[in-house]
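Notes follow once the structure below has been shown.
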Amino acid sequence: MVGYLVQFVTIASRTITSIMREPAAWLPALLTPMCIFAVQVGAFGQISGRAFDVPDYVAFQLPVAMLIAASFSSAGHAVVTDISSGYFDKLCLSPARRSVLLVGRLAGEMCGVLVYIAVLLNVGLLLGVRFGGNPLVGAMTLYALMVLFAIAYDAIGIAVALRTGSPKAVQAVSFMIFFPLLFITPWSVPREYMTGWFATLTSLNPLTYLFEAARSVFGTPDTAVITRGLVAATLFSAVTLSLCVWGFHRRLRAGT
């Protein structure tokens, strides 16, 4: 157990260090969601109460900014780099436990996501956003939702990286999955204002329930809504992690 923890800390620390050393890896994760957040609030903030029955559009949009920041974690690209340099093969041939290569990488990336979410949450608090219930419970719920999504999204990138070893494939597949998932949600307006086929697709999207749960912690906390969000995020991450593990074992069987 001690050996596993040492290996885990080593892999996670290496991931954190690589993120800190590359501003190109973390600056977009903060600046991009802040810009989108500012544009959305600036465009719809004044009319949100009348048009959408949303009195606090800043709190309504803050989870969107957080989710976009969580999508900037770069585990897939890092794995491609390790594969290209041969470092991944060396890790697989080392005495390190195979599972720690994935778990440690994801843990390191999640540390970065926690920082992004903390920065955006503090921006929201400075703008007057407040938790509707217990602030500690609300913050923990918010972090849990965003980390579960980030794990799910990172697992997709890692799975593609293990299968193809191509940075272009990782980027293409990640964008092809993320943007439809993001846009077919109530990210701009509440779900009750949607109709037809779009409303149907929105109800099938796991991110819809994540958004609604995150927004609930800033309004009147609804246990049922928050539970649905946590369950949806957990199931989404379980599916993508399964694909990631499958891809990892397949690469090992192929002799990396």
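Where a number appears in this text, it was derived from the coordinates with a stated rule and is not lab data. Note that the structure is a prediction, hence the values are computed from the model and not measured. Every residue, glycine as well, gets a Cβ built from its backbone with ideal geometry; the counts of neighbours run over all protein chains shown.
In the set (1) 1.00; (2) 0.93; (3) 1.03, the label that goes with Rg/Rh (Cα atoms, Kirkwood Rh) computed for this structure is (1). Compute the relative contact order of the range 65-145 as a whole-number percentage, counting only Cα pairs closer than 8 Å that sit 6 or more residues apart in sequence. So the answer I get is 40 percent.
Residue exposure proxy: Thr164, Thr220, Thr240, ordered by other Cβ atoms within 10 angstrom of their Cβ from fewest to most, comes out as Thr220, Thr164, Thr240.
Normalised by the number of residues in the chain, the mean separation of alpha-carbon contacts (under 8 Å, six or more apart) gives a relative contact order of 24 percent. Evaluated with a Cβ-only charge set (Lys, Arg +1; Asp, Glu -1), the chain carries a dipole of roughly 740 debye about its Cα centre, given to the nearest 20. Note on the range 80-127 and the range 20-46: Cα centroid distance 21 Å, given to the nearest whole angstrom.
Charged side chains reduced to their Cβ positions (Lys and Arg at +1, Asp and Glu at -1) give the range 1-112 a dipole of some 340 debye around its Cα centre. In order along the range 14-24, phi translates into HN-Hα couplings of 4, 5, 4, 4, 5, 5, 5, 7, 10, x, 5 Hz, rounded to whole numbers, per the Karplus curve 6.51 cos²θ - 1.76 cosθ + 1.60 with θ = phi - 60° and x for Gly and Pro.
Across the range 1-135, the relative contact order, built from alpha-carbon pairs under 8 Å that are at least six residues apart, equals 40 percent.
Summary of packing: across the peptides 140-153, 38-51, 91-104, the per-residue average of other C-beta atoms within 10 Å ranks them, highest first, as 140-153, 91-104, 38-51.
Under the combined filter of DSSP loop state and at most 13 neighbouring Cβ atoms within 10 Å, the range 101-169 retains these trypsin sites (Lys or Arg not before Pro): Arg130.
Mean residue ellipticity, 222 nm, helices only, the chain: the sum of -39500 (n - 2.57) across DSSP H runs of n ≥ 4, divided by residue count and rounded to 500, is -27000 deg cm²/dmol.
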